[in-house]
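Since every read-out is calculated from the coordinates, none of them should be taken as a lab result. Since this is a predicted model, take the numbers as computed values, not measurements. All Cβ positions, glycine included, derive from the backbone under ideal geometry; neighbour counts span all protein chains shown.
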Amino acid sequence: MRESCRWNAIGWERHALDITSLPKVELHCHYDGIVDPAMLRALCAAGEPFPVPADDLEAALPVRGLDDFMRWFAVADVGSMDLRPFVPVLQAHVDRLRAQNVQYAEIYTSIPRGSPDTAEGMRRFAESVREREAGETQIEFVIQIGRGGAPERLQAKVEEATALHAAGLVVGIAIAGPEQDHPIRPHTRAMRFAHDAGVPIEIHAGEWCGAESVWDALEYGYPSRVGHGVAIFEDEALVRRFRDEQIHIEMCPSSNVATGSVERLSDHPIRRAFDMGLNVGVNTDDPGAFMCSMDSEYRLLVDEFGFTAEELDVLRRNALGARFQPTLRVPIDGVD
């Protein structure tokens, strides 16, 4: 009876957690996956229309599989080479992050187009978004580059991203996109170029392919962080490497369930990763597509996996330690 009461008390304590007040850090969120119908309607009412009608985006929800996600993205995509339509979206997103006590966030964005000077385009974009920080959250940008295409294409994009990093406009590079038939190995030269230039690298791996995709990323991509990584647990040697080297894993539970990377939420390895001492954090990935937020991901970890406030703070500290921007310009809980 005492044991039952103890567990009931613990369950009540978890349920009563004020999730919103907990400080948070997010490292894995794509700028072109943020928009949602409520945001678009609010922007339109404020005189900031987005090129996609809210009703069209709403008709593409919910996402319940990879095909659904591709259809959602086909609707939401407004030509991602031009960042200007996304400025009000990201400004609204920063407001939401502040409301959730997200103190530091890295957002994956494309190399800007629509301006004769790429660096100036990136500078204006970043300044427009960061004006909403209000001294409460720090926003940094990571250039996302798709895996697909010829090595020469990726090399050119990596060189552009490296120049933006050298100019202090972005903090790193993320290699994203479908893993199937798009290994990192053919792009070793480009990845070595970025690595030798001191550019931090993240690679999405082990999301829709197995452990071999993660090995490929580690061996040929020089990542200090891996996105998703749900397939890591297929290989004990791979688990040991992540544990021994403390390579950070950006896990995205709601995203992985929505796209079918894991079949059920109960199958997600985030609890297992944490208990094994792996360096793991939690993220939204595409909050508009997957109808989630950092608050909802925290609540999911509490309700479904039994995370305590102290354990959630370990996730936050893991992510903060894996950030690509070493300099902090806003107060962060637990950092002097």
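Assuming charge only on the beta carbon of Lys and Arg (+1) and of Asp and Glu (-1), the dipole of region 2-321 about its Cα centre is about 360 debye to the nearest 20. Were the residues from S21 through R153 laid out at 0.36 nm apart, the gain over their Cα-Cα distance would be 43.1 nm. Label sites at R329 and R124, each approximated as a point 7 angstrom past Cα along Cα to Cβ, lie 1.9 nm apart. Rounded to the nearest 0.05, what FRET efficiency do R240 and E212 have when you use their Cβ-Cβ distance and R0 = 22 Å? For R240 and E212, the calculated efficiency is 0.85. Summarising the label geometry, the points placed 7 Å from Cα in the beta-carbon direction at E58 and E133 lie 3.5 nm from one another.
For region 147-162 versus region 239-260, the inter-centroid distance based on Cα atoms is 25 Å. Take each peptide in 149-155, 198-204, count the other Cβ atoms within 10 Å of every residue, and average; sorted highest first, the result is 198-204, 149-155.
The distance between label points at Q180 and D196 comes to 3.5 nm (points 7 Å beyond Cα on the Cα→Cβ vector).
Put +1 on the Cβ of every Lys and Arg and -1 on every Asp and Glu Cβ in region 2-321; which of A166, A42, P62 then has its Cα farthest towards the positive end of the dipole? Positive-most Cα among the choices belongs to A166.
When you filter the trypsin sites (Lys or Arg not before Pro) in region 284-332 for DSSP loop state and at most 16 other Cβ atoms inside 10 Å of their Cβ, you are left with R329.
Note on A166 and D117: the extension gain reaches 16.1 nm, defined as 0.36 nm multiplied by sequence separation minus the Cα-Cα distance. Counting beta carbons within 10 Å around each of S293, S128 and listing the fewest first gives the order S128, S293.
Restricting the GluC sites (Glu not before Pro) of region 258-323 to loop positions (DSSP other than H, G, I, E, B) with no more than 13 neighbouring Cβ atoms within 10 Å leaves E263.
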